[in-house]
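A.B. asks: First, the structure itself, so that you have it in front of you.
The values are calculated or read from the model by the stated rules, or taken from the named source; none is laboratory data. Everything numeric in this text was worked out from a predicted model, so none of it was measured. Glycine also receives a Cβ, built like all others from the backbone with ideal geometry; neighbour counts cover every protein chain displayed.
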Amino acid sequence: MEAHISKRLINVKKEKEKVLLLGINIKGKKTLFNLKDSMVELKELTESAGAEVINTFTQTLDKHSNTYLGKGKLIEIKEYLNVNQITTVICDDELTPNQQLNLETLLGEKIKVLDRTSLILDIFASRAISMEGKLQVELAQHEYLLPRLAGQWTHLERLGGGIGTRGPGESQIETDRRLARNRINQLKTKLEKVKAHRQRYRSKRKNSGIPTITLTGYTNAGKSTLLNMLTRSNVLSEDKLFSTLDPTTRKVSFKNKSALITDTVGFIQKLPTNLIASFRATLEETLEADMMMHVIDVTDRNKTMKVNAVQSLWKDLGLDKKPVVTILNKSDQLDPSADPYSDEQLMDLIKFLPNPIFCSATTGLGKKEILQTLETQIFNRV
């Protein structure tokens with residue numbers, strides 16, 4: 001059971017897995033991202049997991065369907081999968097267990113059906129380094145898979161029910177569920193110990209009087225690179241989604257004082273609820289920090305939507321009242337012949353963002369102003 005759950009869902013050891021992406025737009029439903037931009041992000045996530053995206057199919061529906069897309073569209077998709085020898089589809093939303101089962105039935109038993117949540121969990125599983133990170137990912141995986149275990153036994157349904165398919169099948173499903181629940185309880189117990197250890201560490205740190213700052217923002221905004229620039233560290237920073245899972249803390253020095261800066265996992269739209277819950281111990285670093293640095297990639301054409309996504313998660317986590325310094329990162333990549341203040345989207349953002357500073361974590365642009373602002377905000381607050 002554990003071996004089945006802990007294995008990665010995307011196969012990256014052999015040749016790249018060919019994937020078809022599926023997405024829907026529900027008429028009248030408000031979302032942070034439009035369908036086109038959400039599918040672009042899903043493609044980036046899929047490629048970050050090591051797979052190759054062959055094509056994308058989308059559909060606008062009046063309401064949610066128990067087959068995710070309409071059955072006519074699924075007939076078209078099934079034919080496309082067969083012709084192009086694609087065996088994996090990934091949906092842009094979290095599927096209900098019933099939707100996943102229906103899709104697997106309609107598309108054929110050889111087709112692997114994943115959703116955005118299972119994809120993100122897969123990426124997290126490949127990125128987790130520390131024992132804490134691995135525990136948190138495994139907990140989220142088990143909680144995601146628990147209500148979907150019945151789908152693992154669809155082969156019993158293909159036998160038509162009746163003699164030889166009732167008792168053993170039901171018994172095995174219940175066995176799997178019991179094993180999963182037991183493992184979930186074990187992981188929660190272990191994470192409670194981690195939480196207690198972190199709390200003791202934070203209390204000791206707080207008693208020392210050293211202020212704490214956390215780096216927060218959308219994934220791949222450049223938080224780890226900024227941490228390196230401000231603290232002269234050499235933390236791994238990569239141009240890919242979720243390159244940082246485990247929190248990393250370094251000391252930043254001012255004239256006669258110092259503070260601690262912690263780099264935390266990046267946010268993303270449609271971040272799975274069970275993943276947020278599993279990473280509660282890590283997110284508490286942000287909850288108990290004296291201040292946040294919100295890192296924004298100013299070159300991203302979807303920066304407004306991503307800022308809204310981050311702020312929405314802040315509100316859910318109770319972080320929306322915390323002091324913030326806004327870091328407008330990658331400013332060196334803006335058109336040098338253009339005035340950054342001529343970017344209407346950026347200027348509209350700046351109006352509502354606290355303490356905005358143009359910065360480049362790679363070149364050091366804005367470092368002096370950032371340090372001065374942090375020092376003023378932390379040590380001179382009334």
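A.B. asks: If a residue has to be modelled with pLDDT of 80 or more, in a loop (DSSP other than H, G, I, E, B) and surrounded by fewer than 17 Cβ atoms within 10 Å (Cβ to Cβ) to count, how many in segment 234-278 make the cut?
C.D. replies: 4
A.B. asks: Quick check: is even one residue across segment 69-85 closer than 22 Å to Gln269 by Cα and assigned to a loop (DSSP other than H, G, I, E, B)? Break it down stepwise before answering.
C.D. replies: Our first condition is that a residue be closer than 22 Å to Gln269 by Cα; within segment 69-85, this holds for 69.
Those left that are additionally assigned to a loop (DSSP other than H, G, I, E, B): 69.
Yes, because at least one residue in segment 69-85 is closer than 22 Å to Gln269 by Cα and assigned to a loop (DSSP other than H, G, I, E, B).
A.B. asks: Then there's this: So for segment 284-295 (the condition being in contact with a helix residue (DSSP H, G or I) (Cβ under 9 Å, 6 or more places away or on another chain) and over 24 Å from Leu230 (Cβ atoms)), does at least one residue qualify?
C.D. replies: no
A.B. asks: Can you tell me which residue in segment 59-92 is farthest from Thr46 (Cα to Cα), limited to those that are touching a residue at least 60 places away in the same chain (Cβ under 8 Å) and in contact with a helix residue (DSSP H, G or I) (Cβ under 6 Å, 6 or more places away or on another chain)?
C.D. replies: Asp92
A.B. asks: Could you check how many residues of segment 301-321 are surrounded by fewer than 17 Cβ atoms within 10 Å (Cβ to Cβ), more than 16 Å from the chain's Cα centre (by Cα) and of a type outside the set (Gly, Ala, Ser)?
C.D. replies: Looking only at that region, the number is 5.
A.B. asks: Let me ask something else about it. Take the residues in segment 180-218 that are surrounded by 14 or more Cβ atoms within 10 Å (Cβ to Cβ) and modelled with pLDDT under 90; name whichever of them is farthest from Val310 (Cα to Cα).
C.D. replies: Ala180
A.B. asks: Taking interchain pairs and intrachain pairs at least six residues apart, which have beta carbon atoms under 7 angstrom, with the first residue in segment 211-228 and hydrophobic (A, V, I, L, M, F, W, C) and the second in a helix (DSSP H, G or I)?
C.D. replies: So the pair list comes out as Ile213/Leu374; Leu215/Lys223; Leu215/Leu226; Leu215/Leu227.
A.B. asks: What residue, among those in segment 106-130 that are more than 13 Å from the chain's Cα centre (by Cα), of a type outside the set (S, T, N, Q) and assigned to a loop (DSSP other than H, G, I, E, B), is nearest to Glu41 (Cα to Cα)?
C.D. replies: Ile111
A.B. asks: Further, regarding this structure: Filter segment 50-109 for residues that are of a type in the set (S, T, N, Q), exposed (fewer than 13 other Cβ atoms within 10 Å of the Cβ) and closer than 26 Å to Leu149 by Cβ and give the result.
C.D. replies: Selection gives Asn66 alone.
A.B. asks: While we're looking at this one, here's another question. For residues in segment 18-42 being outside any strand (DSSP E or B) and within 21 Å of Gln99 (Cα to Cα), which is nearest to the chain's Cα centre (by Cα)?
C.D. replies: Of the residues in segment 18-42, the ones outside any strand (DSSP E or B) are 27-42.
Next, from what is left, pick out any that are within 21 Å of Gln99 (Cα to Cα): 27, 29, 31, 35, 38-39, 42.
Working: Lys27: 26, Lys29: 22, Thr31: 17, Leu35: 18, Ser38: 13, Met39: 15, Leu42: 11 Å.
Within segment 18-42, the match that is nearest to the chain's Cα centre (by Cα) is Leu42.
A.B. asks: Okay, moving on. When only residues in segment 279-310 that are in contact with an Asp or Glu (Cβ under 8 Å, 6 or more places away or on another chain) and either among the basic types (Lys, Arg) or not in a loop (DSSP other than H, G, I, E, B) (or both) count, which is modelled with the lowest pLDDT?
C.D. replies: Among residues in segment 279-310 that are in contact with an Asp or Glu (Cβ under 8 Å, 6 or more places away or on another chain) and either among the basic types (Lys, Arg) or not in a loop (DSSP other than H, G, I, E, B) (or both), the one modelled with the lowest pLDDT is Ala281.
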